[in-house]
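Since the structure comes first, as structure tokens, the remarks are kept for the end.
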Amino acid sequence: MILSPSRQRESARGLAASFIARTAAKIETVIAAALAAAGALTALDAARAEVAGQVAAQGAAVRDDADKSHKSVSGQAARVRSSIDAKRAGADSAATADIKAARDRAQTAHNKASATIGARADLEKERISKGYRNAEGPMAAVGDDAAGKAAGAAAAWKSKLPPYETDWSILDGPVENDRIDAKKEAVDKVAAEYGKSFRESATDQAKKIPDSKAEVLAKVDDITRQAGAGLTAQLEQISQGANAQEKGAKAQSTQSAQKTKAALDSSATQNLAALDSAEKQHSAALETQGGGAQDALDKSTAAGISGLADGVSQASGELIGSIHSFVGSAAETPSPPRDELAAALDETSANVEGGPVGAMASQITTVAPSLAETNAALSEQGAGALKATAAAAKQGFDGVGKAFVTRAAGVNQQAAQGFAALTKSTHKSAYGIGAQAEAGFLEAGDNAAAAYKNFGDLVEDNFRVGREQMLAGLWSKETQGKLDADMGKYAEEAASHVQPRWKRVLKWVVTIVVIVAVIAITVASAGALGPVGVILLGAALGAAAGAVQTIADNLIDGKPWSEGVVKAMIVGAIGGAVGGAGGVLLKGVGSVALKIGLEAGINIVGGVAGEAVGSLAVGERRSTGPAH
């Protein structure tokens with residue numbers, strides 16, 4: 001069927017409108033798809049959030065790992081500090097125990113030494129007391145020894161006498177022999193009186209020996225007190241030394257602990273500071289890495305969206321331009337037949353779908369998955385980098401913690417060795433203090449024992465020396481000379497009074513008896529009178545003795561009984577007075593030797609002075625020279 005031109009144009013416009021509508025619908029579908037793809041690209045926020053989450057998670061892991069290492073360092077430091085303090089306390093306790101043991105050891109040794117000294121003192125006092133008891137007999141025996149020497153001297157003196165006469169007259173009898181006998185008897189009497197005096201002096205000294213016993217025993221007590229004071233002072237010094245040793249050991253352990261803990265704290269502080277610094281660095285690195293990953297996502301997404309928008313815009317512009325050009329050319333040309341136009345429009349629509357619209361649809365289809373894949377890769381890459389940084393941080397933190405643990409363990413080991421060495425040194429020193437104390441107190445006890453023995457030996461030796469001095473005093477050269485003079489004097493006096501047989505032997509016997517009686521009365525009375533009384537008694541007895549002897553001589557000789565009596569009384573009185581004064585003086589003399597010497601001197605002086613004064617009193621001349 002052939003249409004009219006108007007109807008044909010109308011049909012052509014209808015086909016063209018339908019073509020445009022279909023094409024526009026397709027373009028709108030592509031644009032909608034592009035807009036949908038662009039909306040899918042907004043998933044970038046999720047990717048950014050994921051990166052931010054990774055940054056936060058790895059940052060928290062870094063902080064947690066840093067905190068663990070921080071706690072590890074702090075905990076190890078605290079444990080080692082506690083261990084050091086425990087070792088210091090152990091060393092101090094050991095020092096206290098060792099020093100206490102040393103002090104106890106010293107105290108025990110001190111007590112033992114004190115007991116030893118006390119027992120030794122008691123033993124020595126008993127020995128000295130026994131020595132005093134045993135010393136009296138030997139001292140009294142010195143008198144017997146001296147008396148024996150006097151008897152020996154008398155025997156020697158008598159041995160020098162001439163032999164008896166065998167030729168004598170019947171009227172006179174053996175007068176010379178009688179005179180020899182008178183001399184012998186006089187010498188024996190004089191020696192016997194000397195011996196008696198010696199025995200009395202020795203006995204008197206023996207009785208005085210116990211007087212010094214209390215003082216000597218007090219000296220032993222003084223030695224004991226001094227020894228005890230010395231032991232106490234020594235113990236105090238040892239205690240002070242032990243205290244100083246303990247104080248020094250504890251001060252050294254405290255100083256060592258302080259230095260060791262200071263080094264430990266310094267190392268811990270450095271490690272904690274290093275952990276804090278590393279934590280900050282790694283946290284900053286995570287932030288930087290997270291920001292970089294988000295920037296990469298932003299750039300990748302922006303580039304994809306920009307390319308898609310540019311392609312859609314270009315393709316839409318070309319398509320719209322082609323449609324406008326087609327509409328314009330179709331309006332200027334006569335309307336083609338409906339069939340031709342329909343075929344042409346179908347072909348054009350196919351070209352549009354296969355050309356710009358198809359290309360744009362294909363681009364839309366591939367860009368979104370590709371961009372999603374790229375963003376996923378970037379996100380994963382960023383997360384991996386963040387995890388790697390966190391892992392590196394953890395490794396670093398662990399390394400710092402382990403290194404400090406190792407170093408702290410070394411410090412703890414060094415501290416243990418140091419305190420062990422200090423404990424060993426203190427133990428050795430304390431043991432040395434105890435050992436030295438024991439040795440010192442033992443030596444002190446031995447020295448005290450030796451001192452006691454020496455003192456006792458000295459007391460014994462003093463008894464011996466006293467006996468020797470006593471004998472030397474009794475039997476001195478002066479005494480021997482005086483004895484010899486007295487024996488000669490009284491022997492001659494006795495011999496001079498021997499008369500021929502018819503006068504009997506009376507006068508020399510009277511002389512000896514009077515001398516013995518005067519000596520006995522003077523000695524017996526000396527203890528009951530004072531110094532003046534003794535002197536006056538001696539003078540009275542001397543005068544009486546002189547008078548008695550002279551009267552007896554006169555009666556025997558047939559002379560008047562009063563002849564020479566005055567002189568005899570004066571001589572006897574002065575001799576007795578000097579002897580009495582000598583007895584008083586001798587009471588104050590301590591030395592045995594000096595006492596014996598004074599005895600001899602007084603006896604000699606008394607006799608000479610009395611004879612001289614008596615002669616002068618009656619008008620006789622007296623020579624002080626030797627008798628002829």
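Look through A377, A403, A420 and report the one residue that is at pLDDT 70 or above, within 27 Å of the chain's Cα centre (by Cα) and of a type outside the set (S, T, Y).
Numbers: A377 fails: within 27 Å of the chain's Cα centre (by Cα); A403 fails: within 27 Å of the chain's Cα centre (by Cα).
None of the others qualify; the one that does is A420.
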Among (1) at pLDDT below 85; (2) under 35 Å from the mean Cα position of the chain (by Cα) - the single one R9 does not satisfy
(2)
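Return the only residue of F463, F455, F441 being within 19 Å of the chain's Cα centre (by Cα) and aromatic (F, W, Y). Even if it seems obvious, please write down each step before you answer.
Numbers: F463 fails: within 19 Å of the chain's Cα centre (by Cα); F455 fails: within 19 Å of the chain's Cα centre (by Cα).
Result: F441 is the single residue among F463, F455, F441 that is within 19 Å of the chain's Cα centre (by Cα) and aromatic (F, W, Y).
Residues being among the aliphatic types (A, V, I, L, M) and either open to solvent by 60 Å² or more (accessible area, probe 1.4 Å) or without any contact (Cβ under 8 Å) to a residue 24 or more places away in the chain (or both): count how many of those fall in the range 69-90.
Step one: of the range 69-90, the residues among the aliphatic types (A, V, I, L, M) are 73, 77-78, 80, 84, 86, 89.
Going one step further and asking which of them are either open to solvent by 60 Å² or more (accessible area, probe 1.4 Å) or without any contact (Cβ under 8 Å) to a residue 24 or more places away in the chain (or both), we end up with 78, 86, 89.
Here the count works out to 3.
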Single match in S69, S83 (criterion: in a helix (DSSP H, G or I), of a type in the set (S, T, Y) and touching a Phe, Trp or Tyr at 6+ places or on another chain (Cβ under 8 Å))
S69
Is it the case, given these coordinates, that T288 is modelled with pLDDT of 85 or more and more than 42 Å from the chain's Cα centre (by Cα)?
yes
By residue number, the members of the range 160-194 that are open to solvent by 80 Å² or more (accessible area, probe 1.4 Å) and among the β-branched types (V, I, T) are T166, I170
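Kindly indicate whether Q258 is open to solvent by 40 Å² or more (accessible area, probe 1.4 Å) and within 35 Å of the chain's Cα centre (by Cα).
Numbers: open to solvent by 40 Å² or more (accessible area, probe 1.4 Å): yes; within 35 Å of the chain's Cα centre (by Cα): yes.
Here the answer is yes, as Q258 does meet what is asked.
Yes/no per residue for (1) in a helix (DSSP H, G or I); (2) over 25 Å from T232 (Cβ atoms):
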site	(1), (2)
S93	yes, yes
T96	yes, no
E126	yes, yes
R133	yes, yes
K149	yes, yes
D167	no, yes
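So that you can scan it fast, the table gives a plain yes or no per residue for (1) surrounded by fewer than 18 Cβ atoms within 10 Å (Cβ to Cβ); (2) touching a residue at least 12 places away in the same chain (Cβ under 8 Å):
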site	(1), (2)
K196	yes, yes
N243	yes, yes
E246	no, yes
S266	yes, no
In the range 60-68, is there at least one residue being basic (K, R), over 30 Å from G440 (Cβ atoms), in contact with an Asp or Glu (Cβ under 8 Å, 6 or more places away or on another chain) and surrounded by fewer than 19 Cβ atoms within 10 Å (Cβ to Cβ)?
yes
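The values are calculated or read from the model by the stated rules, or taken from the named source; none is laboratory data. Source: prediction; values computed, not measured. Reconstructed Cβ throughout: ideal geometry from the backbone, glycine too, with neighbour counts over all protein chains shown. For accessibility, only protein heavy atoms count, side chains too; no ligands or nucleic acids. Shrake-Rupley method; radii C 1.70, N 1.55, O 1.52, S 1.80 Å.
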